[in-house]
Amino acid sequence: MTAAPKTSSAGTRLGSGLFARLAGLAAPLLAIGMLMTNCTSHEAQNNDPQAIVARTIDDHSWARPQEARVTHVDLDLTADFNKKILSGAATLTLATEANAKQVILDTKALDIQSVTDAAGAPLKYTLGKGNEMMGKPLTIELPQGAQTVVVHYATQEGGTALQWLDPSQTAGKKLPFLFSQGEEINTRSWIPTQDSPAIRQTYTARIVVPSNLVAVMSAERLTPKGEPVEGHPSQRAFRFDMKQPIAPYLIAIAIGDIGFKSEGPDTGVYAERAILDKAAYEFADMQSMLDAASKLYGPYQWGRYDVLVLPPSFPFGGMENPTLTFATPTVIAGDRSLVSLVAHELAHSWSGNLVTNATWEDFWLNEGFTVYFENRIMEQVYGKDRADMLKVLGWQDLQATLKDLDDAKQPEFTKLHPDLNGVDPDDYFSDVPYEKGAAFLRMLEAHFGRKKLDAYLKGYFHRYAFQSMTTDAFVVDLRENLLHNDADLEKSLKIHQWLYDKGLPDNAVAPTSALLDQVKGQAVAFMNGAAPADLQTQDWSPLQFQYFLTQLPDTLTVDQMAALDKAYGFTASHNDEILSNWLLLAVKHHYQPAMPVLHDFLISVGRMKYVTPLYKALMAQAGWGPEMARSIYAEAEPGYHEITRASIAKVLPQ
């Protein structure tokens with residue numbers, strides 16, 4: 001997720017926003033034309049990246065955008081925290097082929113109450129059978145020339161996007177909270193639309209909430225303090241406007257006791273008021289990151305860049321919702337040591353939000369580019385040593401993931417462009433699209449040099465701004481603009497092998513870090529009998545301690561763990577990267593002093609990166625482990641997001 005540099009005037013931002021909205025309306029018609037025309041040869045289309053994208057079919061959406069495509073969504077919804085539902089209407093603006101008879105939307109766990117045209121006249125519709133993964137298609141019959149449909153609906157239990165939290169599950173403990181998670185195919189469970197990343201949409205919204213709560217969305221906030229709701233003094237409404245066309249998974253909402261603190265002219269932090277000061281301290285470098293990103297790959301195209309710190313049940317580290325990254329509170333370590341997550345989500349403002357994977361088989365175009373860009377931001381703001389350590393840690397995670405996938409006999413999931421037909425895209429979620437994708441770009445950097453690669457990437461984001469991209473189309477662009485159609489060079493760089501074959505090509509460049517090499521030496525010394533007091537750790541950063549824990553072998557004893565714990569206080573660490581690694585060791589070696597912390601950690605944190613491996617480790621321990629895993633999960637499950645529950649279910653059979 002890459003961010004473009006901020007512009008220097010409000011007038012420029014307004015102009016780019018208007019251009020983006022017009023582009024959002026024009027692109028669907030262009031795509032329909034590409035799909036319907038007979039005057040362009042197939043060979044010529046194969047050499048046109050936009051034509052390749054237009055012909056692509058998204059296997060994870062019921063939509064048929066070549067006939068009728070959603071271009072704008074207008075939401076008017078009311079949040080009912082007693083019933084835990086959002087209800088109201090979604091007014092959809094369409095771009096249609098001349099003789100279109102129907103539009104097909106994606107829905108999941110929605111109560112469809114009625115469908116009308118813009119004037120309120122009822123339209124015929126059917127809700128298809130569908131399946132558990134994709135939900136049900138909503139087919140609406142279109143009168144001749146109809147360009148607008150209005151769907152009246154309410155969310156239902158069983159949706160995968162929304163999580164309603166009771167006050168006890170929040171930081172403040174006094175007021176409830178709601179947040180959404182749209183990626184990958186979850187937006188359809190709170191908005192009836194065409195839920196495909198290739199079908200970019202602008203949106204506006206009016207959200208009615210209890211008067212003591214605040215609503216925020218991934219859009220310009222038109223009424224930051226809310227406005228009265230006539231006849232309902234206990235409610236207030238918030239209005240939002242996203243002028244740029246975005247993939248529907250990026251439409252996001254949160255409602256709660258939310259406050260705001262500015263970090264710079266274009267940046268700030270939202271969080272529950274109970275943790276707002278801590279969050280603002282942690283993310284004080286946001287403006288510097290935004291400035292650095294903009295210098296690398298071009299102007300930031302989204303107006304403001306803010307971060308919302310969510311309650312701990314949020315299933316991911318962060319989510320790059322435009323203008324408003326959603327972030328886990330697990331990055332609030334008190335020492336700004338985990339802020340690479342903000343650099344990652346900021347980078348998505350270019351790779352992912354500006355140029356978006358057209359299907360979930362092209363996910364690496366979002367995440368691989370973003371990991372590479374994130375590291376460049378970190379190097380610019382914090383220096384090469386820190387960036388090198390992050391690269392090594394990511395590379396180490398990739399090696400472990402490739403081994404796990406090989407052991408699980410899932411070679412398809414080691415590809416950057418896998419076949420996901422019939423597969424839930426959540427099942428493909430791993431380090432592969434992230435770290436293998438970044439390794440591909442580092443390989444290109446090693447060959448061409450940073451200057452040439454940066455020029456290519458900056459041009460790529462400019463050429464395809466506010467458009468979607470497939471791997472096949474990317475290859476066409478790469479050939480023309482970086483490889484200059486040199487077939488021998490393409491073969492020597494093993495481009496096809498990188499993108500379409502399993503595993504890691506032998507021209508991958510393994511990152512190195514002098515600081516982490518020193519850490520590895522200290523881990524060896526400790527295992528050879530050195531006491532913690534004799535180790536050279538005085539100047540270590542949290543990243544070095546994190547790496548140290550990953551270098552301890554299976555022969556580690558409980559006594560050695562106790563010595564480390566006494567010296568460094570790992571069991572009491574406030575850095576969740578360090579703590580989660582320590583708890584994995586504690587499970588593996590049955591280190592009893594950490595078991596109460598393990599229990600509390602799994603009860604209070606919903607981030608999949610941490611909790612799923614810990615449950616998996618518990619299940620691998622004969623006797624005591626599975627019993628403890630099931631006992632903790634029974635207690636923790638009500639507080640987990642549905643996405644986290646689904647992840648744990650794969651390692652914790654009932």
- Query: Does any residue in region 297-311 that is on the phi > 0 side of the Ramachandran plot and open to solvent by less than 10 Å² (accessible area, probe 1.4 Å) come within less than 9 Å, Cβ to Cβ, of a residue that is at pLDDT below 95 and not polar (S, T, N, Q) six or more places away or on a different chain, and which pairs are these?
  - Reply: Gly298/Ala4; Gly298/Pro5
- Query: Consider Leu398 against the criteria (1) within 15 Å of Lys502 (Cβ to Cβ); (2) exposed (fewer than 15 other Cβ atoms within 10 Å of the Cβ): it satisfies all of them except one. Which criterion is unmet?
  - Reply: (2)
- Item | Selection count, region 413-433, where residues are under 17 Å from Leu365 (Cα atoms) and open to solvent by 40 Å² or more (accessible area, probe 1.4 Å) | 6
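Of everything in region 424-440, what is of a type outside the set (A, V, I, L, M, F, W, C) and either under 17 Å from Val509 (Cα atoms) or assigned to a helix (DSSP H, G or I) (or both)? Give them in sequence order. Show your work before the answer.
Looking only at region 424-440, we keep the residues that are of a type outside the set (A, V, I, L, M, F, W, C), and these are 424-428, 430-431, 433-437.
Listed by number, the residues that qualify are Pro425, Asp426, Asp427, Tyr428, Asp431, Pro433, Tyr434, Glu435, Lys436, Gly437.
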- Message: As an exercise: evaluate Glu132 against (1) farther than 30 Å from Tyr428 by Cβ; (2) of a type outside the set (Lys, Arg); (3) loosely packed, with under 14 Cβ neighbours inside 10 Å and give the number of the one condition it does not meet.
- Response: (1)
- Task: Have a look at Ala274, Ala252, Ala205, Ala215 and point out the one that is open to solvent by 10 Å² or more (accessible area, probe 1.4 Å), out of contact with any Cys (no Cβ under 6 Å at 6 or more places or on another chain) and under 22 Å from Leu165 (Cβ atoms).
- Result: Ala274
- Quick one: what pairs do we get from region 587-606, first residue without any contact (Cβ under 8 Å) to a residue 60 or more places away in the chain, second open to solvent by 70 Å² or more (accessible area, probe 1.4 Å), C-beta under 7 Å, 6+ apart or different chains? Ile603/Glu635
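Residues that are under 21 Å from Val339 (Cβ atoms), under 24 Å from the mean Cα position of the chain (by Cα) and at pLDDT 95 or above: does region 534-541 have at least one?
no
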- Which residues, counting only those in region 144-195, are in contact with a Gly (Cβ under 7 Å, 6 or more places away or on another chain), hydrophobic (A, V, I, L, M, F, W, C) and either without any contact (Cβ under 8 Å) to a residue 40 or more places away in the chain or outside any strand (DSSP E or B) (or both)? Ala161, Leu175, Trp190
- Task: Return a yes/no flag: does region 446-468 have any residue that is more than 22 Å from the chain's Cα centre (by Cα), in contact (Cβ under 8 Å) with a residue 40 or more places away in the chain and crowded, with 17+ Cβ neighbours inside 10 Å.
- Result: no
- Message: Regarding region 60-78, can at least one residue be identified that is touching a residue at least 24 places away in the same chain (Cβ under 8 Å), more than 25 Å from Phe240 (Cα to Cα), among the aliphatic types (A, V, I, L, M) and surrounded by 21 or more Cβ atoms within 10 Å (Cβ to Cβ)?
- Response: yes
- Message: For region 492-532, which positions are farther than 19 Å from Asp419 by Cα, of a type in the set (A, V, I, L, M, F, W, C) and assigned to a helix (DSSP H, G or I)?
- Response: Ala514, Leu515, Leu516, Val519, Ala523, Val524, Ala525, Phe526, Met527
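The values are calculated or read from the model by the stated rules, or taken from the named source; none is laboratory data. The structure presented is a predicted model; accordingly, all values stated were derived computationally and were not measured. So basically every Cβ, Gly included, is an ideal-geometry build from the backbone, and we count neighbours across all protein chains shown. Accessible surface is based on the protein model in full, side chains and every heavy atom, while ligands, DNA and RNA are left aside. Shrake-Rupley method; radii C 1.70, N 1.55, O 1.52, S 1.80 Å.
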